[in-house]
1. Only helical DSSP H runs with n ≥ 4 go in: add -39500 (n - 2.57) per run for the chain, normalise by residue count and round the 222 nm mean residue ellipticity to 500 deg cm²/dmol.
2. GNM, the chain, Cα, under 10 Å: largest mean-square fluctuation among G112, G64, G41?
3. Starting from the 7 Å offset along Cα-to-Cβ, what nm value, one decimal, do you get for the label separation of R19 and R96?
4. In whole Hz and in residue order, list the ³J(HN,Hα) couplings for the stretch 73-86 that follow from phi through the Karplus curve 6.51 cos²θ - 1.76 cosθ + 1.60, θ = phi - 60°; x for Gly and Pro.
5. With charges only on Cβ, +1 for K and R and -1 for D and E, what is the dipole size of the stretch 47-169 about its Cα centre, in debye, rounded to 20?
6. List the lysines whose Cα sits under 23 Å from the Cα of K148, skipping any in the same chain fewer than 8 residues away.
7. If only Cα atoms are counted, what is the Rg of the stretch 16-166, and what is its Dmax, in Å?
8. Run the paramagnetic zone check for T151: 7 angstrom along Cα to Cβ, then residues of the stretch 39-72 with backbone nitrogen under 12 Å.
Amino acid sequence: MSESGRHNVASDGEEHLVRSSRSWVASWYPPGEPPEGKPWGSAGVCVTPERKVVLVSLSGDQWGFPAGRPIGSESWEDCLRRETLEEACATVRTCRLLGFYRGTDQDGPAGGTPLVRAVWRAEVEVSPWSPTFEIRFRKLVRQAELLKHLTVHRGELPLINRILREAQL
């Protein structure tokens, strides 16, 4: 397992210990066949025509990319499109699969089951902010300032750097 300070960008399949409210072992996988694990939905690095990145938050304290779990047999891409609309009031115009983020909860209710989330770069059109679901806050940030606003958990920076590299940000 790699330590967060050693590597700037995660390699394919390299495990990282990530600590948020719980401990996770997380790794990155390139597009193609998803790694083994339970499909856990999609996340989108959403970019506006003005080249700003959309971030969302439940509380206004911690910020992340729009993301969520699938409903029924929803595809990875359909999940991305629905969650982006629900959480960010933004419509996905085009999207490209960047890869897969796989995390195994070390001490929580998932009981060691690997959870797999597809990560996309999405070109979006934002609508007026009108939160309807659980997300209460949205902000658009310049790409150069993204890491100042994005919540990065301890040990997660190499994975976030990989996502941003794949998204060409």
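Every number here is computed from the coordinates shown, using simple stated rules; none is lab data. Keep in mind the model is a prediction, meaning the values are calculated, not measured. Here the Cβ is made from the backbone with ideal geometry for all residues, glycine too, and neighbour counts use every protein chain on show.
1. The helix contribution divided over the chain gives -4500 deg cm²/dmol.
2. Taking springs between Cα atoms under 10 Å, the residue moving most is G112.
3. That separation, rounded to one decimal, is 3.6 nm.
4. 3J(HN,Hα) across the stretch 73-86, in whole Hz: 9, 4, 6, 3, 5, 4, 4, 4, 4, 5, 5, 5, 5, 5.
5. Dipole about the Cα centre, nearest 20: 420 debye.
6. The qualifying lysines are K52, K139.
7. 14.6, 42
8. 56-65
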